[in-house]
1. Test Val29 against the stated conditions and say whether it is closer than 30 Å to Leu127 by Cβ and surrounded by 10 or more Cβ atoms within 10 Å (Cβ to Cβ).
2. Can you pull out the residues in the stretch 64-106 that are out of contact with any Phe, Trp or Tyr (no Cβ under 9 Å at 6 or more places or on another chain), part of a helix (DSSP H, G or I) and touching a residue at least 60 places away in the same chain (Cβ under 8 Å)?
3. Based on this model, can you work out whether Gly172 counts as within 17 Å of Asp253 (Cα to Cα) and either open to solvent by less than 10 Å² (accessible area, probe 1.4 Å) or touching a residue at least 12 places away in the same chain (Cβ under 8 Å) (or both)?
4. Being away from the ligand (no atom under 16 Å from the Cβ), among the β-branched types (Val, Ile, Thr) and open to solvent by less than 20 Å² (accessible area, probe 1.4 Å) narrows it down to one of Thr328, Thr284, so name that one.
5. Quick check: anything in the stretch 49-62 more than 16 Å from the ligand (Cβ to nearest atom) and touching a residue at least 40 places away in the same chain (Cβ under 8 Å)?
6. Just one of (1) assigned to a helix (DSSP H, G or I); (2) more than 16 Å from the ligand (Cβ to nearest atom); (3) farther than 27 Å from Asp155 by Cα; (4) not charged (D, E, K, R) trips up Leu311, so point out which.
7. In this structure, is Glu256 within 16 Å of the ligand (Cβ to nearest atom), of a type in the set (Asp, Glu) and touching a residue at least 40 places away in the same chain (Cβ under 8 Å)?
Amino acid sequence: METPHVDARPRYLRQLAERPRRLRRAEWVRALVREHVLVVHDLIWPVFVVEGDGVRESIAALPGVSRLSIDQLLVDARRARALGVPAVAVFPVVPDTQKDDLGTRAIDPNGLACRAARALSESVPGLGIIGDIALDPYTSQGHDGIFRDGDVVNDETVEVLARMAVVHAQAGFDVVAPSDMMDGRVGAIRAALDAAGLERTLILSYAAKYASAFYGPFRQAVGSARPSGSVDKRTYQMDPANAREALREVALDLEEGADLVMVKPGLPYLDVIRQVKDRFGAPTLAYQVSGEYAMLRAGADAGAFSWPDALWESLLAFKRAGADAIVTYAALEIAERLGTEQAASRS
Ligand code: PBG
């Protein structure tokens, strides 16, 4: 029997057949072998809308993000469109006096969200307009549905959500995005839209939405946080411990007619994004939620790292995990940076 050849030299003297660093030695080669890129078409910009005129209100928990009145929203939305951002997601900030137990204002065709959609579709053609479908901006308890006897009731809420989706689509929303996590809402919304002749309206389902601490700044921004502390949504939003259950939620929403599915929050759930993309191959979105954005800002403001670098890395991670697009409060800023880089590389 032949003895196998053994290289008796010390390891450091053996020739290295592979030197992965060769592919990293200069930017030109790093660029050539880069597996994922972030482009402006990957971005969806979430915006907070308030009543009034000329209003730009900063949000303490979200540095760099403002609540905008519709006229100001149009200014920024035109900028977003010019930079190539495909879509905005509109979140209305409703005064407490207009909230009630049933979230009645959610189906008001002249409510703030619907007026914003009308203005956007008239003034910024070509920009996709996404409307959040859930009752939390409109209910006095800050829940996403109708709250009765200590819990959010499912089927009755679904009926209201379906009406809300129709009213929103009629106002000019191209996409309705149920973020409520009620069972059966996607099917009910699809049926209601089709019955109203709105078969072209897309449904973006927040399919795997977790009961997360990272929504804190958002709830402050829209005023759905309650003085008693955070609203407990664990009877409808998912348990952060579960990933297989997310696949079941996504499967159901796709069966019911969702065109796009979303995982939310983003960075703490990259494994879920990857599994959803691999299993279904459907258009899969990630939401870099308010708490993720705030966390990065806080780190940068404390001098722990560079804001642009950390932000970039966090967004690239979504692409690596398989996301087709990312909802991020930094969309406009990133789009501007991408635009500047492109101009620089052309010159
Ligand atoms: C409400 C809704 C929430 C977010 C988007 N839609 C908050 C919640 O479920 O309490 C969170 C977004 C963010 O934190 O950036 N249906």
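1. Here the answer is no, as Val29 does not meet what is asked.
2. Arg79, Leu83, Asp96
3. No.
4. Every option except Thr284 fails the conditions.
5. Taking every residue of the stretch 49-62 in turn, at least one turns out to be more than 16 Å from the ligand (Cβ to nearest atom) and touching a residue at least 40 places away in the same chain (Cβ under 8 Å).
6. The single condition Leu311 does not satisfy is (2).
7. Spelling it out, it is not the case that Glu256 is within 16 Å of the ligand (Cβ to nearest atom), of a type in the set (Asp, Glu) and touching a residue at least 40 places away in the same chain (Cβ under 8 Å).
Condition check ((1) open to solvent by 30 Å² or more (accessible area, probe 1.4 Å); (2) under 24 Å from Val250 (Cβ atoms); (3) more than 16 Å from the ligand (Cβ to nearest atom); (4) of a type in the set (Ser, Thr, Tyr)) across all residues:
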| position | (1), (2), (3), (4) |
| --- | --- |
| Ser123 | yes, no, yes, yes |
| Asp132 | no, yes, no, no |
| Gln141 | yes, no, no, no |
| Thr157 | no, yes, no, yes |
| Pro178 | no, yes, no, no |
| Gly184 | yes, yes, yes, no |
| Ala208 | no, yes, no, no |
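The values are calculated or read from the model by the stated rules, or taken from the named source; none is laboratory data. If you're wondering where the values come from, they're calculated on a predicted model, not measured in any experiment. Neighbour counts are summed over all protein chains in view; Cβ atoms, including those assigned to glycine, are modelled from backbone coordinates with ideal geometry. Please note that ligands, DNA and RNA were not included when accessible areas were found on the heavy atoms of the full protein model with its side chains. Shrake-Rupley method; radii C 1.70, N 1.55, O 1.52, S 1.80 Å.
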